[in-house]
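Novice: Before we start, here is the structure in question, set down as structure tokens.
The values are calculated or read from the model by the stated rules, or taken from the named source; none is laboratory data. Just so you know, these numbers come straight off a predicted model, no measurement behind them. Cβ coordinates were reconstructed from backbone atoms using ideal geometry, including for glycine residues, and neighbour counts include every protein chain displayed. The accessibility values were calculated without ligands, DNA or RNA, using every heavy atom of the protein model including side chains. Shrake-Rupley method; radii C 1.70, N 1.55, O 1.52, S 1.80 Å.
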Amino acid sequence: MIRSTSLYIAPDALRWAQWVLPDEPILLGDRPVAWTVSARADEAGLAQWTAYFSTGVPPETVADFLFALEARPDPAHGYAGPPLVFETLAERGWTRDIDDPTVVCDPRLAAGMALGALPKDGIQDGDVLATEPSGWQAWCEPRIGAGYLWTAVFSASTPHDLVAAFAASLASPEPVLRHTLPDSSQGQLFMRPTV
């Protein structure tokens, strides 16, 4: 298997980010995983949790997730619960699905996040006792049935405050720099001139 890999390890060796595009990638919603981010409790331990970001995930959301991880004194363990993520999205105008309150969508229904069962293949978590791991998934599908622009998965033990940092960035109304917009986002995303 051929890999294109870049590995970034924090000075404390407790957290790391890896850009990896192997010949046989892990797929999330038919999108190949590009970034994995992990943390552990001590230098000799295995990863406590891993977050997976496919190609196309808005780079500012990955950066904000990494900044939040860097700011945590304990990168491996979380103390907040799922309500923090739901509240973060609600504060930014996202709403819960009436039929499934574990799913939250943006007002245009182009992107969403859900707390539930994770894909069984390729998702690694430090909780070896979890038989049916539940974690966060995020996606962007501007046109239903047109396929995902990107996907992200946070393993079951990923601290909810880090997922909330990703969610806050994702749901931010602030404009971001883009050279082009994906074809499937027409009518969903807008460009405004820069000064």
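Novice: Can you confirm whether segment 78-89 contains a residue that is out of contact with any helix residue (DSSP H, G or I) (no Cβ under 9 Å at 6 or more places or on another chain), part of a loop (DSSP other than H, G, I, E, B) and surrounded by 13 or more Cβ atoms within 10 Å (Cβ to Cβ)?
Specialist: No.
Novice: Tell me whether segment 129-140 contains one or more residues that are more than 17 Å from the chain's Cα centre (by Cα), within 20 Å of Val37 (Cβ to Cβ) and either among the hydrophobic types (A, V, I, L, M, F, W, C) or surrounded by 15 or more Cβ atoms within 10 Å (Cβ to Cβ) (or both).
Specialist: yes
Novice: Go through segment 65-81 and count every residue that is at pLDDT below 95, in contact with a Leu (Cβ under 9 Å, 6 or more places away or on another chain) and within 18 Å of Met113 (Cβ to Cβ).
Specialist: 1
Novice: Going by the conditions given, is Arg143 open to solvent by 50 Å² or more (accessible area, probe 1.4 Å) and without any contact (Cβ under 8 Å) to a residue 12 or more places away in the chain?
Specialist: no
Novice: While we're looking at this one, here's another question. Exactly one of (1) in contact with a Phe, Trp or Tyr (Cβ under 8 Å, 6 or more places away or on another chain); (2) surrounded by 14 or more Cβ atoms within 10 Å (Cβ to Cβ) is unmet by Pro107. Its number?
Specialist: Among (1) in contact with a Phe, Trp or Tyr (Cβ under 8 Å, 6 or more places away or on another chain); (2) surrounded by 14 or more Cβ atoms within 10 Å (Cβ to Cβ), Pro107 violates only (2).
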